Each structure stands twice: as structure tokens, then as C-alpha cells.
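Beneath this line is the structure, given in C-alpha cells, with notes to follow.
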């Protein structure tokens, strides 16, 4: 695990920064779109929250077929859902690095 320690330490720092950004997402603006072709702010925040855990999931698999995945972004109901997704994502990355 010693060779993975710097990666985990950097990830923890980045996760703390991401949490600070998520803490600033206004609860009453989750359906706002920065552009008409964009996802909503809530969808964007949920996407960012889930990316690290998604990458950890992909690295555990023997193969990954992107054509078999659903790319319709889910719409979070509230900020608690976004924060819970980020917390789960961080746990998934920690577990993956510890198992590596």
C-alpha cells in the first residue's frame, strides 16, 4: 500500500475540495441549466459526485462496454442525494485503492 499512499492522499485532498464545491450548490437551483443544451445543475453536481466511484468500478471489472450503459443523467431530488453520492464515491475509491 505504500506506493498507493500518495495517490490516496491526493484523492482525499481532491475529495475535500469537491465537497466544498458541492456545499455551495444552491438547493433551490438544482433544475437550473447553465445552457439550454446542458444538464441541470443538479445533474451536473450528481455526475461530479459519482465520477470517482464510477472510475473505481470500471477498474475492478475485467472489461467495460460503454455501449451497454445508460447515459441519461439522473435528476437528484435534493442536495442530500448529491452529498450521499459523493460520500459513497469516496468510500468506493478508498476501498478500491486498499484492495489494489
(message) Let me check against my output: what whole-number percent is the relative contact order of the chain, with C-alpha pairs under 8 Å and at least 6 apart?
(response) 35
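Could you work out the helix-only [θ] at 222 nm for the chain, with each DSSP H run of four or more residues adding -39,500 (n - 2.57) and the total divided by the number of residues, to the nearest 500 deg cm²/dmol?
Numbers: 3 runs with 60 residues, N = 100.
That comes out to -20500 deg cm²/dmol.
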(request) Please give, to one decimal in nm, the separation of the simple spin-label points placed at residue 5 and residue 67, each 7 Å out from Cα toward the Cβ. (result) 4.5
(message) Using only the alpha-carbon atoms, how far is helix 41-60 inclined from the longest principal axis of the chain? Give it as 0 to 90 degrees, nearest 10.
(response) 20
(message) At 7 Å along Cα-to-Cβ for each site, give me the label-to-label distance between residue 24 and residue 57 in nm.
(response) 2.8
(request) Give me the angle, in degrees from 0 to 90, between the Cα long axis of helix 79-99 and the longest principal axis of the Cα atoms of the chain, rounded to the nearest 10. (result) 10
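All of the numbers you see were taken from the coordinates with simple rules; none came from a lab. Model, not experiment: these values are computed from the prediction. As a convention, Cβ positions derive from the backbone with ideal geometry for all residues, glycine included, and neighbour counts pool all protein chains shown.
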